[in-house]
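Below: one structure, written as structure tokens.
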Amino acid sequence: MFDQKGRFIVEDYSRKSTFASFLPGICGEMGIPIWCFYVNRGQAIASFGSESKLNSIMEFYPAHQSYQKTPTNGFRTFMRVKGDLYEPFRDDLIPKMMYIGMNELEIEECCSQYGIRTNVLYFTIPEEPIGALVRKVTITNTTTEDLEIELLDGMPYVLPYGLNTDFMKSMGQTMKAWMQVEDVDTKLPYYRLRASTSDVTEIEEIVEGNFYFTLTDNGEKLPVIVDPEVVFEYDTSLNKPIGFLNHSIEELYAMKQVVQNNVPCSFFGKRLTLSPGESYCHYAMIGKVERKDILRNMGEKCSRPGYFEEKYERARSLTEELCKVIDTKTASNIFDAYCKNIFMDNFLRGGYPILLGNDKVYYIYSRKHGDLERDYNFFYLLPEYYSQGNAAFRDVNQNRRCDTLFWPYVKDYNIKLFYNLIQIDGYNPLSVLNSSFTVNSESIEEAVAQAEDGWDELRQLLTKPYTPGSLLKFVEQKGIRLKGSPKEFLDHVVSLSETNINAEFGEGYWCDHWTYNLDLVEAYLAVYPDKEKSLLYDDDTYTYFESKVLINPRIKRYTKTDRGVRQYNALDVDTKKDVLHNELRTNYGEGDVYRSNLMTKMVIMAINKFAALDPYGMGIEMEGGRPGWYDALNGLPGLFGSSMAETYELSRLLDFLIRVTRKYGIEVAVPIEIADYIEMVNSLLSQFNQGQLDNFDFWNEVNNTKETFRDTVQFGIEG
């Protein structure tokens, strides 16, 4: 069921089965993302913050704890009405509604006892130099008489910036000694630690801060209470606001507040008189900012009438614009909405491709899926314009398989990206990091010339890799004047730059990551079928990633235990730990970066995966210490597990290679080590087919060959 805005409706949400979800953090190209998770309990928001869950503003908890804690630790609203205490969204027997949009969330409660309807709307602020969650609270008198209300609204505790959430969970009492709230009197409270908390001699001041301020709909800033004891007094369970029960709003504001060495709160009060049908509204803005002057400017900017409504409409239109490419019209509104939502979920994993510098593909909005139910994943959203996040090879790869179909200008970008990350042994690193750019050395002066001043500082910055967001942030911070708009400046600098694809080993070698690569090729050829030959044979710039981690030979992997022989100790992390480069080189690591065409790359993948078949010639072995995507099967590699799914993918790859080889009849050049590898495996296969080797002997000899190959190329190839 949908409302007039196309939002999904959940009736009596607090009595339904629990679920967890999130706001997408889409704030536009020139916006700063905030992550925000919600559940169908209390006032919905379970946790939010900047960058990662280590920088929580409302503390991050996994799903099952969020269901328990959100009604108490999340946003709270207290009203004194008709002499009673009324807290909306606390009593599950009172009717409630939840409205779930693509970039927003709204909850509503209608209390017949007091004749009050309470609405709370959440969205993240788009296209501003700060990241923030907006909370709009609307209280409506549904009776036929005037209502006198004392209102107190906010959060029972706000984590200051600089506090590692892990420290809060393990040493929360100790961390209080660093906490403070500044600028309470200006009604723009600034929450930060006084200094770094590490046990080191050199202590650093923390300048950045979290903030929480509230304005009425006419731009009036409300005074703030930051000492939770003022609101709750002795009730440390935060169940009842004893202070609010015993004192008026004016008396609470007059009390002395402890603003340091304490876990602070943030509550805003107002005395209201609402006539029948009249509504009161205020907007809270909670987020993280780099400096106080930016916050002061923001506080003035959003005091303008209509500001928040404009930002709300922009937040809604952003997701509509991004999903327009999959706009679907059928007889089922549910199916149409499903298409858009699943599409957005897809590009939040894989990223949304845009063009910079006219021809360079750059993905924004991507991040790892570290939600409340996948609390094991560490997500990260760069707090800058054109934000990107971290991701796993598999996640990004599988979520970009259709990108060329939706955005033909992506072309072979992802083919190049993911095949370049394949190593000479057929494996790949786990973590795909933020992309960056490097200005060509001969073009730095041309890039610097796009600014009116600040040339020396820009020149120094551009000698190193940069992200679009870090470049524009630098320009803003230094007050550098540009000859054109920031977007024109960025496009020009990017046009003079090369793209850097950044990755790192992470942990283990999963047996299934490579299987999505062929999908990228097939999607490209579905759009550009006339470019098959040039894609496979003409581009000889493909490189080979080189991790610092090797797969141990069987003599080191296989271990005798009390429960029998097991396959442990899969990885060798010591042999190459001092290698500096991360691309395969000739002259056994001392020469140039080795480059080939895509066909060579695919042949190398095929021989490596064929040589990894298990003793039955069925599944591909989990020799790298990790199973496929299903992490619950982590124990299978130790039990000599193998996977049939990857064997079917190998069959697809071989069918593809056979087809194009017959079609074009072009020989494939491979490194001498690969040629020897292929010839030896082919010889063993002939012996097997002639009955000279049984299954086990064939498997053993192929593995001997594979281990010899890996030993030969562990530092590079002859070339």
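The values are calculated or read from the model by the stated rules, or taken from the named source; none is laboratory data. Model, not experiment: these values are computed from the prediction. Every residue, glycine among them, receives a Cβ derived from its backbone with ideal geometry; neighbour counts consider all protein chains shown. Just the protein is used for accessible areas: all its heavy atoms, side chains included, with ligands, DNA and RNA removed. Shrake-Rupley method; radii C 1.70, N 1.55, O 1.52, S 1.80 Å.
Rundown of residues vs (1) open to solvent by less than 70 Å² (accessible area, probe 1.4 Å); (2) within 30 Å of Pro160 (Cβ to Cβ), yes/no style:
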| residue | (1), (2) |
| --- | --- |
| Arg271 | no, yes |
| Ser279 | yes, no |
| Glu290 | yes, yes |
| Ile294 | yes, yes |
| Tyr312 | yes, yes |
| Leu322 | yes, no |
| Asn358 | no, no |
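Does the range 584-594 include one or more residues that are within 32 Å of the chain's Cα centre (by Cα) and more than 20 Å from Leu657 (Cβ to Cβ)? Within the range 584-594, one or more residues are within 32 Å of the chain's Cα centre (by Cα) and more than 20 Å from Leu657 (Cβ to Cβ).
Matching residues to (1) open to solvent by less than 30 Å² (accessible area, probe 1.4 Å); (2) without any contact (Cβ under 8 Å) to a residue 40 or more places away in the chain:
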| residue | (1), (2) |
| --- | --- |
| Trp514 | yes, no |
| Asn517 | yes, no |
| Val521 | yes, no |
| Val527 | no, no |
| Asp530 | no, yes |
| Leu535 | yes, no |
| Phe545 | yes, no |
| Val549 | yes, no |
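Assess whether Gly628 counts as being touching a Ser or Thr at 6+ places or on another chain (Cβ under 9 Å) and modelled with pLDDT under 95. Yes: the conditions hold for Gly628.
The number of residues in the range 180-208 being within 22 Å of Tyr61 (Cβ to Cβ) and at pLDDT below 95 comes to 1.
The rows are residues; the columns are (1) in a loop (DSSP other than H, G, I, E, B); (2) open to solvent by less than 20 Å² (accessible area, probe 1.4 Å); (3) out of contact with any His (no Cβ under 8 Å at 6 or more places or on another chain).
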residue	(1), (2), (3)
Tyr191	no, yes, yes
Ser198	yes, no, yes
Glu202	yes, no, yes
Thr214	no, yes, no
Val230	no, yes, yes
Tyr234	yes, no, yes
Asn239	yes, no, yes
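Restricting attention to the range 33-55, the residues being open to solvent by 20 Å² or more (accessible area, probe 1.4 Å) and within 17 Å of the chain's Cα centre (by Cα) number 4. Selection of strands (runs of 3 or more DSSP E) fully inside the range 34-100 by the criterion of at least 1 residues being closer than 29 Å to Ser196 by Cβ and in contact with a Leu (Cβ under 8 Å, 6 or more places away or on another chain) returns 35-39, 45-49, 56-58. Step by step: first the residues of the range 241-269, then only those that are among the small types (Gly, Ala, Ser) and open to solvent by 20 Å² or more (accessible area, probe 1.4 Å), then the one that is farthest from Asp146 (Cα to Cα). Which residue is that? Selected residue: Ala254. Checking each residue in the range 100-119 for being touching a residue at least 60 places away in the same chain (Cβ under 8 Å) and of a type in the set (Val, Ile, Thr) picks out Ile100, Ile107. When each of Glu452, Glu445 is tested for being surrounded by fewer than 18 Cβ atoms within 10 Å (Cβ to Cβ) and within 14 Å of His492 (Cα to Cα), the lone residue that passes is Glu445. Which residue pairs have Cβ atoms closer than 7 Å, lie 6 or more positions apart in sequence or on different chains, and pair a first residue in the range 703-715 that is farther than 16 Å from Val549 by Cα with a second residue that is part of a helix (DSSP H, G or I) and open to solvent by 30 Å² or more (accessible area, probe 1.4 Å)? From the range 703-715, the pairs are Thr705/Met680. In the range 59-86, the residue that is nearest to Lys136 (Cα to Cα) out of those that are of a type in the set (A, V, I, L, M, F, W, C) and within 18 Å of the chain's Cα centre (by Cα) is Phe60. The set of residues from the range 643-666 being buried (at least 18 other Cβ atoms within 10 Å of the Cβ) and hydroxyl-bearing (Ser, Thr, Tyr) comprises Ser643, Thr647.
Candidates in the range 136-173 are the residues that are of a type in the set (S, T, N, Q) and in a loop (DSSP other than H, G, I, E, B); of these, the one that is surrounded by the fewest Cβ atoms within 10 Å (Cβ to Cβ) is Thr144. Within the range 116-135, does at least one residue satisfy the condition of being more than 30 Å from the chain's Cα centre (by Cα), surrounded by fewer than 17 Cβ atoms within 10 Å (Cβ to Cβ) and in a loop (DSSP other than H, G, I, E, B)? No; the residues of the range 116-135 include none that is more than 30 Å from the chain's Cα centre (by Cα), surrounded by fewer than 17 Cβ atoms within 10 Å (Cβ to Cβ) and in a loop (DSSP other than H, G, I, E, B).
Residue-by-condition table, conditions (1) polar (S, T, N, Q); (2) in contact (Cβ under 8 Å) with a residue 60 or more places away in the chain; (3) assigned to a helix (DSSP H, G or I):
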residue: Glu623; (1), (2), (3): no, yes, no
residue: Leu657; (1), (2), (3): no, no, yes
residue: Val668; (1), (2), (3): no, yes, no
residue: Val681; (1), (2), (3): no, yes, yes
residue: Phe696; (1), (2), (3): no, yes, yes
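Entry remark, the range 558-602: residues being charged (D, E, K, R), surrounded by 13 or more Cβ atoms within 10 Å (Cβ to Cβ) and closer than 22 Å to Glu504 by Cα number 6 in total. Failed condition for Ile555, given (1) loosely packed, with under 12 Cβ neighbours inside 10 Å; (2) under 35 Å from the mean Cα position of the chain (by Cα); (3) among the aliphatic types (A, V, I, L, M), with all others met? Looking at each condition in turn, Ile555 falls short on (2). Which residues, counting only those in the range 15-32, are outside any strand (DSSP E or B) and open to solvent by 10 Å² or more (accessible area, probe 1.4 Å)? Arg15, Lys16, Ser17, Thr18, Phe19, Glu29, Met30, Ile32 - these are the residues of the range 15-32 that are outside any strand (DSSP E or B) and open to solvent by 10 Å² or more (accessible area, probe 1.4 Å). The requirement of being surrounded by fewer than 21 Cβ atoms within 10 Å (Cβ to Cβ) and in a strand (DSSP E or B) is fulfilled nowhere in the range 332-351; no residue meets it.
Within the range 56-81, the residues that satisfy the criterion of being surrounded by 21 or more Cβ atoms within 10 Å (Cβ to Cβ) and more than 30 Å from Asn246 (Cβ to Cβ) are Ser56, Phe60, Tyr61, Ser66.
For the range 177-203, residues that are over 22 Å from Met298 (Cα atoms), touching a strand residue (DSSP E or B) at 6+ places or on another chain (Cβ under 9 Å) and not aliphatic (A, V, I, L, M) total 3. The helices (runs of 4 or more DSSP H) found entirely in the range 359-478 that carry 1 or more residues being touching a helix residue (DSSP H, G or I) at 6+ places or on another chain (Cβ under 6 Å), of a type in the set (Val, Ile, Thr) and closer than 23 Å to Leu318 by Cα are 393-399, 403-406. Contact annotation: residue pairs with Cβ atoms under 6 Å, 6 or more positions apart or on different chains, pairing a residue in the range 350-363 that is farther than 15 Å from Asn500 by Cα with a partner that is part of a strand (DSSP E or B), are Gly351/Tyr363; Tyr352/Ile364; Pro353/Val361; Pro353/Tyr363; Ile354/Tyr362.
All conditions in (1) in contact with a helix residue (DSSP H, G or I) (Cβ under 9 Å, 6 or more places away or on another chain); (2) not in a loop (DSSP other than H, G, I, E, B) hold for Gly506, with the sole exception of (2).
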